[in-house]
1. Grab the Cα-Cα distance for Asp60 and Ala250, subtract it from 0.36 nm times how many residues apart they are, and report the gain in nm with one decimal.
2. Where does region 247-337 land on Rg/Rh, using Cα atoms and the Kirkwood Rh?
3. Can you find, among Val718, Tyr616, Ser151, the residue sitting farthest towards the positive end of the charge dipole of the chain, where Lys and Arg contribute +1 and Asp and Glu -1 at Cβ?
4. Ignoring solvent entirely, what values of log10 I(q)/I(0) come out of the Debye formula for region 590-715 at 0.19 Å⁻¹ when each Cα is a single scatterer?
5. Let's see if you can work this out: charge +1 on each Lys and Arg Cβ, -1 on each Asp and Glu Cβ, no other charges. What is the dipole magnitude of the chain about its Cα centre, in debye to the nearest 20?
6. Cα-based Rg (one decimal) and Dmax (whole number) for region 338-410, in Å?
7. Mind listing the Cα extents of region 5-181 along all three principal axes, in Å, largest one first?
8. Which value, in debye to the nearest 20, gives the size of the charge dipole of region 485-669 about its Cα centre, when Lys and Arg are +1 and Asp and Glu are -1 at the Cβ?
Amino acid sequence: MNQVITDGLVLMPPSFADGLSVWSRGDGTPGSDTWASASNAALVTADQDFGTCLEVQKVDAVTTIRFMEQTPVRPGLYTRVSARVKCLAGNLPGVRVAAWAGDAGGQNIAGVVQTGTETAMTSYGEVVTVSAIIGTGTRVGVDMPWGNAASYGHVGIDLTGPNGGTIRVESVSVEDVTSVFHRKMMDWVDVRDYGAIGDGTTDDHAAFVAADNAAMGRVVRVPSGDYLIGQNLTMTAPVRFEGRLIMSDATRLALSANFELDSYADAMGDEVLGLKKGLQALFNQSEHEGFDMRGRRIVLDAPLDVQAIVGNKTTYANRRILKNGQITADGGTGWDDGVAAATATWSSGNPLTLSGIANVSTIEVGALVTAATGVGREVYVKAKNEATGTVTLSAPLWGAPTSQSYTFRRFRYLLDFMGWQSLQRFRLEGIEFLNAGTGSGVLLPSDGLIFQVKDCFFTSPKDRGLTSAGDGCQGIEIDRCQFLSNEQAARVQDRVSIGFNVNAGDAKIRNNRSVRFRHFGVVGGTGNILTGNHLFQGDSETDGLRSAGLIFTETNGKSTITGNYIDNCCLEWGNEHDPEPGLNGEYSFHGMTITGNIFFSSDAADWFRFIVIKPYGAGHYINGLTISDNLFKQIQGSPLGRVEMVDETLHALDMTRTRGLLMIGNTFHGIAEDSADPVTTKLTAASVEPVWEADLSARLPFGGRANVVIAAVPHGPVINGSDATVFAMPYATTAHGAGGTSIRLTWPEAVKGEMLATASANAL
């Protein structure tokens, strides 16, 4: 009889006619008795049904016939063992296929099925065919699933039932029936072929690893079922999921060949779980820098705490990206703000600490801090220490009393990174944070460097779009994002939401669009670049209030604001995050450049100003500010009085010390007074006067003093009382008048005519 060869494996046993010395009367293992020496067996030739065959007298309760050579068993290989049998006389027995399961070490595998279904013989001379299928995987149709531990078997048949019968056996055949389960032309392997059970309770980890190792470029198929994975699993081959994985929160899944949300959602049977497992893997494997959401929409009933999801790390510095999807907040109590109140003490000597708090445990890290006095905008809880009763702040207070009551409000964010002690070079790209007025967008890590937000939408946040509650905003880049308020219909003065804030330096805020927030951004730190942004914060009220679009909170501005469209809002520059807000040896307000922007308003009240400086302490002055080549325009309603001002609600600026102020090249439409520095004015005397005076309060920026006259030239002839031309020149004096805003030209004699004088608020 020809032998069947499958991938180099010899499966078919020899016929009985070739000798009975390889056929065992026991389990088939080496050393067991053979049928060659059995007194109750003989070879019979020329049987009318079988030809040469084995005849056996049944004398044992179970008479076994086993092939003593090892019939190989491999993952993915399915073999059918069969035999044709008939009873000639005596008691009619039962018959079944049977096999001894052996592992690579030659030991029998306990606990696996090693017999097929028994068939009863019911008449003499009737040919009965029995068969059973052996394989490693638990599949429908597999009679003896042996699992991945199986290496070989000793195959054959058992005769059962009453003794005394005479039975003839044609042969035992073994054939490859793998094609019944998956044809060789298929480009996948099935985890069930490698021992996966899929019952939700048996750990199938080893089967998945075995299937992955065997894939060799093919796809690993996970059929329907619940597959418990008890430890971290990495699949290097592509995986196609019909069933789902059951994994603990801490157990990681790395799908190296299909590292995207579609596959992870299929793997976990749930999109949110899929995103969590994807984020977990993103921070724990090196094959991919980014996790692609593939445009899918994820609906959350509670915030995602990214560090808690990852679990095994609190710091990370390699570049990683989450991209291309939509994350939306569903309703429910998971989005309710956490609110706590506490009495605390504060000192300007330790400005980032609130101490003496009895109920620190009720205060959440990342909470916004407010109080009746002395707390600037966007101050958050960066950390807390329950043992010492202290809270660490993201920015100093500016004038808080020694003790007062504080409110701590913790907003809920779709993506919450606050648990990271340090996170560097993380990027969000092409994601819409659809807050639906229910939650906020993104909370940055406690510390870190170069967090990037690119091409994202922050749509309808309840409280905040993007928040920094620590120093994780150092070097942040926010590019080409849309910030769309949930308060579109509200009046400016009724809005509370804020697009973003930063506390550390070197922020790059570029080419974004913001619509109708209370403020687009609150910017702390220094070294910031804001360019190409469109900020719109108007409403439909006539003579309406307009709020600050951008707020800078430190006197050390060191920032460039260039090429922005600042629409129905203003720039405000103060020092509300200064623990000693009065001038205390610093450079005061310096290092700010505002160039090439469009400042536009419609129906704003005439007292609205586009650029506002607000000192929170006494003694401050301008020490480096350039406002150049901007367009300032008001339409509808009354013209604006001017474009800039000092908000003296708390303190005024010291105008005697102004340095480095430059305001030139700007264009004004719908503005009553055009500000400039240096400013050129015309002095006219219709009758002879020895002293000519000009008040520059309407022209010098920020109500500045006329501290210096740079030049003065006649505009036409200057004549005396005798109508003779006077060639002598006057001398100039400055800082005249109540506010020091006037200049005087004093002549050697009384004269009349016109002079052009250029003056500046910059002190020498």
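1. Difference between extended and current length: 62.8 nm.
2. 0.95
3. Among Val718, Tyr616, Ser151, the one farthest towards the positive end of the dipole of the chain is Val718.
4. With one equal scatterer per Cα and no solvent, log10 I(q)/I(0) is -1.12.
5. Roughly 540 debye, rounded to the nearest 20.
6. Looking at region 338-410, its Cα Rg and Dmax stand at 10.4, 30 Å.
7. 42, 33, 29
8. Its charge dipole is roughly 480 debye.
Read-outs: derived from the displayed coordinates by stated rules, not from any lab. If you're wondering where the values come from, they're calculated on a predicted model, not measured in any experiment. Counting neighbours? That spans all protein chains shown, and the Cβs are built from the backbone with ideal geometry, glycine included.
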